[in-house]
Amino acid sequence: MNWGSASEFFHMGGKGLFVWGSYAVSMLVMVAEPLLARRRHQQALRQAALFNDEGRKPRFS
Amino acid sequence: MTQSAARASFAAVFGSVLVRDLTLAWRRRTDALLPLAFFVVAISLFPLGVGPEPGMLRDMAPGVVWVCALLASMLSVGSLFAADLADGSLEQMLLAPQSAIALTLAKCAAHWILSGVPLIATAPLIGLLFGMSGPALLALVAGLLLGTPILSLLGALGAALTLGLRSSGMLLILIVLPLAIPTLIFGAGAVGTIDAGMSASGHFSLLGALLISTAMGAPWAIAAALRISTE
Amino acid sequence: MTSPSATPNTAAAAGKGGRLRFFNFAAPMRFYAITGWLVPLCWVVAIGFAIAGLYVGFFVAPTDATQGESYRIIYIHVPAAWMSMMLYLVMAFWAGIGWAFNARMASIVARAIAPTGAMFAFLALWTGAFWGKPTWGTWWVWDARLTTTLILLFLYLGYIALVNAIDDQRRSDQAGALLALVGSINVPIIYFSVQWWNTLHQGATISMTAAPKMANTMLTGMLLMTVACWAYAFATVFMRARAITIERESRNAWVGKLVSQPAQGGQKT
């Protein structure tokens, strides 16, 4: 174990801002990205459902 | 098709497109000089922006000249294929492979003559404005001589990819600038090296290599891009 | 899911001759079905390896003698930079396949990769800046690798801008493929030229390659994080590719069946 206490861990020997600044943004971005992809997917499904509900026959059926 | 007939049609397309583009540009001389005007105006902004201190200007000069040359080139290349697209001749010329390559080479040559050569001719004067030394000026001109054809080729690729799109001007610049960075680095770097008293043969060899490889690869890519954009 | 062989799409494709059977696996419907369970699996792998990698990186690997604790940023910086480069090549590859063989799924996957690649490039730059500040005193260093990553970000943005600007799908895919291929040929040239430029200019003696001498535990942490990033990339790219597949295939029967199914089948990510 490297850290004597939780506050030591967050302090990161004085470099806390940089370390956590990096990881916080990484976390943020890597959560936002899949959420955006998921939203796009759900929008696409909704559009497809609308299209099919409109009674138009799909091209190949 | 016989060899001579094939060669004839390549030369025929190349010759006719080149002559036509130059003739059209001659008829609109003021339009043709716009890239040069932009080049000079943009360069003049830098001393106004950063101050007239001679040492700093002399250091900045090659970079400034090269960046402005790049931008001037990109701004004038957007309309390279527009006229031919509009009158339908573009699709005709794309039908045969030799004529497609001949077309792209002729277009790039025309663009270089109309925008690259004036830049090269003006660069020494600009260099004097920035207080560059004789050898540095020579290096600048030599670098531009090798580099501006590369910019024309890359610009043509961008123009072919963005043919007919909205805001194609900005898009073209965004696409092409990263590809032009090595040319910028070697061209501006050559002047800096000469200024520092060393030989820039490495830079020029690399520029030469870039020119040769771009001249060999780009026409095919441009022709492919034109086909993609007109299908 | 209905059995694949019974639907008209694959039957028509198979009927066009044996050659297309090779690409049957790439059929959008099959891709959609497979990624349905593959994506959650990738997430499990990503999160698992990330936890392991960060644990090793923060709790097992020692403090660096010269840089102190700030070096721990490499556990995300290096994998991100690596991913941004690799993903560009993968994207160019699939875009090229899609262009050469008219393979729809390949083009879709290529498009799906671009935002993720750009994201990793951005992260590499951001974490690089946050690493540079405490270590060398400046937020930005014109180091060869960081500068190349910046240019790579521009290449990604150019690709994304181009494909989004073209309305015609086929032209968009093909133009993107050409640009991505030209870009990937240029990446080594750009890297070489930037390195050349870097070594010529005094003052640019700072180099990201002067990373701390790697203790084994540090290396392990980094490798675990790299696997985590790969799994993350697979998961996100497949999620986006699924969305694009639905968008493009919305008129086909299999999508119709999919969206008209009651809640249990239809709305899974």
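The values are calculated or read from the model by the stated rules, or taken from the named source; none is laboratory data. Bear in mind the structure is a predicted one, so any value in this text is a computation, not a measurement. Cβ atoms come from the backbone with ideal geometry, glycine included; neighbour counts cover every protein chain shown. These area figures cover heavy atoms from the full protein model, side chains too; ligands, DNA and RNA do not enter into them. Shrake-Rupley method; radii C 1.70, N 1.55, O 1.52, S 1.80 Å.
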Inset, instruction - Go through the residues of segment B:105-127 one by one and say whether even a single one is farther than 19 Å from B:V65 by Cβ, more than 11 Å from the chain's Cα centre (by Cα) and not in a helix (DSSP H, G or I). - result: no
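So if I check each of B:A25, B:A69, B:A42, B:A11, which one is surrounded by fewer than 16 Cβ atoms within 10 Å (Cβ to Cβ) and not acidic (D, E)?
On the way: B:A25 fails: surrounded by fewer than 16 Cβ atoms within 10 Å (Cβ to Cβ); B:A69 fails: surrounded by fewer than 16 Cβ atoms within 10 Å (Cβ to Cβ); B:A42 fails: surrounded by fewer than 16 Cβ atoms within 10 Å (Cβ to Cβ).
Only one candidate qualifies: B:A11.
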Inset, instruction - Would you be able to tell me the number of residues in segment A:1-33 that are out of contact with any Gly (no Cβ under 9 Å at 6 or more places or on another chain), within 9 Å of another protein chain (Cβ to nearest Cβ) and assigned to a loop (DSSP other than H, G, I, E, B)? - result: 3
Legend entry - Among (1) farther than 19 Å from B:L137 by Cα; (2) within 22 Å of the chain's Cα centre (by Cα) - the single one B:G51 does not satisfy: (2)
Inset, instruction - Would you be able to tell me the number of residues in segment C:67-85 that are within 13 Å of A:G16 (Cα to Cα) and assigned to a helix (DSSP H, G or I)? - result: 5
Inset, instruction - Answer yes if at least one residue in segment B:178-189 is more than 23 Å from B:A224 (Cβ to Cβ) and not hydrophobic (A, V, I, L, M, F, W, C), and no otherwise. - result: yes
Legend entry - Residue count for segment C:181-191, restricted to those that are within 7 Å of another protein chain (Cβ to nearest Cβ) and modelled with pLDDT of 95 or more: 1
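Looking only at residues that are assigned to a helix (DSSP H, G or I) and at pLDDT below 95 in segment B:140-170, which one is surrounded by the most Cβ atoms within 10 Å (Cβ to Cβ)?
B:S168
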Legend entry - All positions within segment C:59-95 that are within 13 Å of the chain's Cα centre (by Cα) and open to solvent by 20 Å² or more (accessible area, probe 1.4 Å): C:A81, C:W82, C:M85, C:M86, C:L89, C:V90, C:F93, C:W94
Legend entry - For C:I246: the one exception among (1) within 9 Å of chain A (Cβ to nearest Cβ); (2) over 23 Å from the mean Cα position of the chain (by Cα): (2)
Inset, instruction - For B:I185, work out the one condition from (1) of a type outside the set (D, E); (2) crowded, with 16+ Cβ neighbours inside 10 Å; (3) in contact (Cβ under 8 Å) with a residue 12 or more places away in the chain it doesn't fulfil. - result: (3)
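Quick grid of which residues meet (1) over 30 Å from B:A200 (Cα atoms); (2) among the polar types (S, T, N, Q); (3) open to solvent by 60 Å² or more (accessible area, probe 1.4 Å); (4) modelled with pLDDT of 85 or more:
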{"site": "C:V194", "(1), (2), (3), (4)": "no, no, no, yes"}
{"site": "C:L200", "(1), (2), (3), (4)": "no, no, yes, no"}
{"site": "C:A210", "(1), (2), (3), (4)": "no, no, yes, no"}
{"site": "C:T236", "(1), (2), (3), (4)": "yes, yes, no, yes"}
{"site": "C:Q267", "(1), (2), (3), (4)": "yes, yes, yes, no"}
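Quick check, is C:A92 in contact (Cβ under 8 Å) with a residue 40 or more places away in the chain, more than 14 Å from chain B (Cβ to nearest Cβ) and not hydroxyl-bearing (S, T, Y)?
Details: in contact (Cβ under 8 Å) with a residue 40 or more places away in the chain: yes; more than 14 Å from chain B (Cβ to nearest Cβ): no; not hydroxyl-bearing (S, T, Y): yes.
It is false that C:A92 is in contact (Cβ under 8 Å) with a residue 40 or more places away in the chain, more than 14 Å from chain B (Cβ to nearest Cβ) and not hydroxyl-bearing (S, T, Y).
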Inset, instruction - Give segment C:124-146 a look and list any residue that's open to solvent by 10 Å² or more (accessible area, probe 1.4 Å) and of a type in the set (S, T, N, Q), or say none. - result: C:T135, C:T138
Legend entry - Sole residue being touching a Pro at 6+ places or on another chain (Cβ under 8 Å), buried (at least 17 other Cβ atoms within 10 Å of the Cβ) and at pLDDT 90 or above, chosen from B:L114, B:L80, B:L103: B:L114
Legend entry - Of residues in segment C:163-180 being open to solvent by 60 Å² or more (accessible area, probe 1.4 Å) and either in a helix (DSSP H, G or I) or touching a Cys at 6+ places or on another chain (Cβ under 9 Å) (or both), the one nearest to the other protein chains (Cβ to nearest Cβ): C:R170
Inset, instruction - Report the residue count in segment B:25-48 for those that are at pLDDT below 90 and more than 16 Å from the chain's Cα centre (by Cα). - result: 4
Inset, instruction - Go through (1) within 13 Å of the chain's Cα centre (by Cα); (2) more than 23 Å from A:V31 (Cβ to Cβ) and name the single condition C:F101 misses. - result: (1)
Legend entry - Number of positions in segment B:197-207 that are surrounded by fewer than 21 Cβ atoms within 10 Å (Cβ to Cβ) and either within 9 Å of chain C (Cβ to nearest Cβ) or among the polar types (S, T, N, Q) (or both): 4
Legend entry - Total residues in segment C:150-162, condition more than 8 Å from chain B (Cβ to nearest Cβ) and open to solvent by 10 Å² or more (accessible area, probe 1.4 Å): 3
